[in-house]
Structure formats: C-alpha cells, structure tokens
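Before any comments, here is the structure.
What follows draws every value from the coordinates through simple rules; no lab data is involved. Predicted, not measured: the structure shown is a model, and the values here were computed from it. Note: ideal-geometry Cβ built from the backbone for every residue, glycine included; neighbour counts use all protein chains shown.
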Amino acid sequence: NYTEIFLKANEHYKNGEFKKAFELYKTIPNPVSQVNYNLGNCAYKLGKYGHALLYWRRAERDWGFLNRTELIENIALLKSKLNKGTKKKGNVFQYLSIAKNYIFSIVRAAPLFVIQFLFLILWFFMFLYIKYLYRKKRRFLIVILFVLISILGPLLVIRYSLYYRHRGVVLGKKVILLSGPGKTFQKLGSLPEAAEVLIQKESGKFYKVKFYKQIGWVSQKDIGKI
C-alpha cells in the first residue's frame, strides 16, 4: 500500500529521520509531484544538492499552476547556497531573477497544446477583427492583441525547447567531463554539483551534455534526467 508508505515516510521526515524517509519515498513507483517534492526536501536535508534539485525539477514539471511558491523558493534557495562565492546582485536584479524563475516555472508546467491553442486563437481574432476594430477606431484593442501575441510567441518557443530537449542535473560533487563516451578519453574539465545540463546524445553508459559553452561526455550515473 503506497499510501501507507507515503505516510510512514512523512513520519520519518517529521522526526528528522531524513535518510529513512528518503529511502521510503524512493520505493513509490511513478511518483507524483508531492512525492518528488518530499524527495527533494529529504535530499536537501542530507546535503545531496544535486538530487534535491533533480526531484524538485521533476515536481515542478507535474505540479500545476497553483501553490508553487514554496517549490520555486526552495529551488532559488538551493541555487543561492551553491553560488555563495559569486558577486551579489542588486535588488532590481534579484526581483528580475525571481520574476524569471516564476515565469519559467509556469511555462514548464503549462501543457504545450494549451499555449499553442491560445497562440492560434489570438492570431485568429487578430486576422478576423483587425479591419473591423480599425474601422471602429478601437486601435487600443489591436495593440492589446499584438502585445499578447508578442508575449505568447517567446513562451511557446521556450515551451517547445523544454518539451523536445532532454535536460539533466549533475548529481555528484565534482563530475569529470570527458572528450568521448568512456573513461579512457581525455579529461576536459569538471561540472559542479546541481548544474543543469542539456543532454544531446547517449552512447552506452554515457551522456553527451552541454553546460554553457562546455560540451563533453559524462557517466550516466552522475546525471539525473528531469
């Protein structure tokens, strides 16, 4: 009974037994967003920051539109903790970063067909009523339609990118980046824990990944697919 396992794991978490809770949550097959969220919380408490971000990203994907503030704040807190050595940004940049995180989080949760449908509907109304609205001197409504289309267009591109590209999270503390799919290949550098990468290719037990301008191969055990 997976409901009983979930409740038992919750008890362990409340009692501070994060390792026991983590192992119990992992036994639940096809975990829903709440299970993934709790897995992320346990991993964070255990200092497994790569695993924490992985499970929170999985929870974010299936969470829905409402009550996601705490999840987004947890992800932001984790990233802030891992980037303690970087230069602090001003308040304006912090607010912009928070707004960006909310937008991307909602876009990740939005079904692709919903954004496509809204985009097509807006274009339909634009072409159908543009002459009528212009003749009636309702140019303000035309401007609103243009603004909505200009917002939905980039969001649709972002959602397509998230849908068709495989993303992953670096799980280890310092993962070696190789020039080919094998441990005998040359070392190109390393990837930090909880880095989010784009998975470009798979060969044997290795992934070809991209992290900013770095491209190379890493072992599959060191990458968790979102």
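Annotation for segment 142-226: chymotrypsin sites (Phe, Trp or Tyr not before Pro) lying in DSSP loop with at most 10 further Cβ atoms inside 10 Å of their Cβ are Tyr212. When +1 charges are put on Lys and Arg Cβ atoms and -1 charges on Asp and Glu Cβ atoms, the dipole computed for segment 178-226 relative to its Cα centre reaches about 180 debye. Charged neighbours of Asn10, selected by a Cβ distance under 12 Å, balance to 0 (K, R count +1; D, E count -1). Remark: for residue pairs Lys20/Lys208; Lys45/Lys201; Lys14/Lys205; Lys48/Lys205; Lys79/Lys174, the C-alpha separation exceeds 27 Å in Lys20/Lys208; Lys45/Lys201; Lys14/Lys205.
Computed extension length for Lys8-Ile158: 50.1 nm, one decimal, from 0.36 nm per residue of separation with the Cα-Cα distance subtracted.
Taking each residue as 0.36 nm, the span from Ser203 to Lys26 lengthens on full extension beyond its C-alpha to C-alpha distance by 61.1 nm.
Distance between the C-alpha centres of segment 204-222 and segment 13-63: 24 Å, rounded to the whole angstrom.
Using only alpha-carbon positions in segment 1-57, the gyration tensor eigenvalues give semi-axes of 16, 14, 7 Å once each is multiplied by 5 and square-rooted (largest first). Annotation: aspartates and glutamates with alpha-carbon distance below 20 angstrom to Lys173 (same-chain offsets under eight excluded): Glu193, Glu196, Asp222. Ordering 186-192, 70-76, 35-41, 169-175 by mean Cβ neighbour count within 10 Å, with the highest value first, yields 35-41, 169-175, 70-76, 186-192.
Annotation: amide H-H contacts under 5 Å for Phe206 (H modelled 1.01 Å from N, sequence separation of 5 or more, or interchain): Gln220.
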